[in-house]
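To start, the structure under review is shown below, and the notes come after it.
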Amino acid sequence: MRRLHWYIARHYLGSSRGRGLLSLITWIALGGVTVGVTALVVVIAVMTGMQEDLRGKILESTPHVLVLQQGSSLRLDDWEGVVDTILQVDEVTGAAPFVLSTVAVTVGSGETSYTQTADLYGISVDTARSPATDMERQILQGVLDLEEPRSGLAPILLGQGLADRMNLFEGDTLVLVAMENLRQDLFGGLTPALRQFEVTGTFQTGMYEYDTRNVYTTLAAAQDLLGLGPDTVSGIGVRTTDPEQAGPVGEAIQERLGFPYYVESWMVTNRALFSALRLEKLAMGLILSLIVVVAAFNIVSTLVMVVADRTREIGILKAMGMTRSGILRVFVLQGAWIGVVGTVVGTTLGVFLCWLLETYEIIRIPPDVYFVDHLPVSLRIADLAVIVGVSLVVAFAATLYPAIQASRLEPVDAIRHD
């Protein structure tokens with residue numbers, strides 16, 4: 001009986017004159033589902049890839065958890081004791097002090113001088129301690145050079161974008177101006193602290209904002225520039241086994257340290273950015289789902305036309321003993337065939353396009369606008385399953401109305417239909 005239902009359904013999918021061939025309206029409905037699923041797969045994969053790529057670049061230079069001390073300024077005292085306490089917390093793999101300040105980078109003098117603001121990070125180069133970020137790990141492993149140069153000046157690492165903008169190369173010298181360490185001169189004026197540094201290398205994270213603003217030096221050099229003692233830093237950076245568990249780990253650190261310390265996870269620090277990306281992904285998914293909904297209306301119109309075209313044949317089938325459920329199953333099978341084939345073809349085409357975009361980086365985008373230099377793609381099985389499930393459910397729902405209408409036809413009235 002099932003074979004009979006499928007045979008009749010396949011027969012009805014073709015045009016009334018050309019047996020064995022799909023009708024034009026069937027092709028249109030099939031194409032609508034295919035295009036809708038393909039667009040959903042590609043766009044959701046791109047949005048997910050954007051989130052993952054951005055998260056990876058942020059975590060390369062940002063600790064999973066920040067430990068700070070409450071006060072009027074960003075200062076934390078007795079950092080060694082705090083680090084030892086943090087390392088006793090489960091899921092913590094590294095903790096290191098840092099000094100953070102906004103400084104002015106000045107090159108040249110007189111009319112030829114050029115100044116650019118930057119974020120100065122002073123990090124510990126003590127190899128006995130576990131690094132809190134991938135950037136610190138690369139410095140400790142010697143991938144990035146932050147050794148004291150022969151000139152005796154303090155070393156400094158520049159982002160590649162900042163170095164290119166200021167035309168700086170390895171071995172060049174520059175001056176950092178700190179506005180936090182102001183001193184009063186003999187006339188009552190305020191004089192900022194200035195120190196000379198030598199460029200020992202450059203780095204490139206692939207994130208435009210970091211590459212044009214971040215500079216790194218040793219912890220001692222940053223403390224000297226800002227007038228801090230050896231036991232005072234801006235905060236402690238903490239690395240965990242899983243970045244997604246930074247929230248619970250931060251709460252455990254907070255419980256152990258207590259007042260006056262407080263913690264912030266990377267998810268809280270970048271909450272606005274990732275919330276916007278999640279909202280954009282949801283909005284794009286809903287908008288593109290309308291393509292599948294339009295395809296569902298095509299399925300409805302296809303089946304309605306089939307019912308109108310095959311009314312007499314339906315009446316004959318019912319007169320020969322086919323039940324209402326049998327007629328219902330025939331038309332449900334027609335819509336299901338369109339939905340399944342369109343979903344499979346669309347999913348396959350979408351996965352292929354995602355592979356093409358990710359492998360060959362076909363679409364290049366301006367990094368100063370989107371934080372990345374090419375269109376990232378990340379296809380998750382969960383996202384793919386949701387898209388396939390939604391497409392099949394919508395296609396199945398579209399078959400119900402015309403299938404029910406066909407099953408309610410009376411044999412006598414159907415046979416007399418002209």
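Per-residue counts of other Cβ atoms within 10 Å, averaged by peptide: what ranking do you get for 134-143, 298-307, highest first? Before the final figure, lay out each step's value.
Details: 134-143: 17.3, 298-307: 21.3.
Going from most to least packed, we get 298-307, 134-143.
Connecting C-alpha atoms closer than 10 Å in a GNM of the chain, tell me which of Ser265, Ser391, Ser407 has the biggest fluctuation.
Result: Ser407 has the largest fluctuation of those listed.
Whole number please: convex hull volume per residue, Cα atoms of the chain, in Å³. Each step should come with its number before you reach the end.
Numbers: hull volume 89.2 nm³, N = 418.
Per residue, the Cα convex hull of the chain comes to 213 Å³.
Out of Val390, Val41, Val263, any idea which swings most in a Gaussian network model of the chain, alpha carbons joined below 10 Å?
Val390
Which percent, to the nearest 5, of DSSP beta bridges fully inside the chain are antiparallel?
Numbers: 42 of 53 bridges.
Roughly 80 percent of the beta bridges in the chain run antiparallel, per DSSP.
How high is the relative contact order of the chain, in percent, counting Cα pairs under 8 Å that sit 6 or more residues apart?
Working: 747 pairs, mean separation 115.2, N = 418.
Normalised by residue count, the contact order of the chain is 28 percent.
For region 63-269, what number results from the quotient of the Cα radius of gyration and 2.2 N^0.38 Å?
Numbers: Rg = 17.6 Å, N = 207, 2.2 N^0.38 = 16.7 Å.
Against the empirical 2.2 N^0.38 Å value, I get 1.05 for region 63-269.
Between exposed chymotrypsin sites (Phe, Trp or Tyr not before Pro) in the chain, where DSSP calls loop and at most 14 other Cβ atoms lie within 10 Å, what's the longest gap? Write out the running numbers ahead of the final one.
On the way: sites that count: Phe169, Phe187.
It works out to 188-418.
We did not get these values from a lab; they are worked out from the coordinates using the rules stated. Computed from a predicted model, the values in this text were never measured in an experiment. Here the Cβ is made from the backbone with ideal geometry for all residues, glycine too, and neighbour counts use every protein chain on show.
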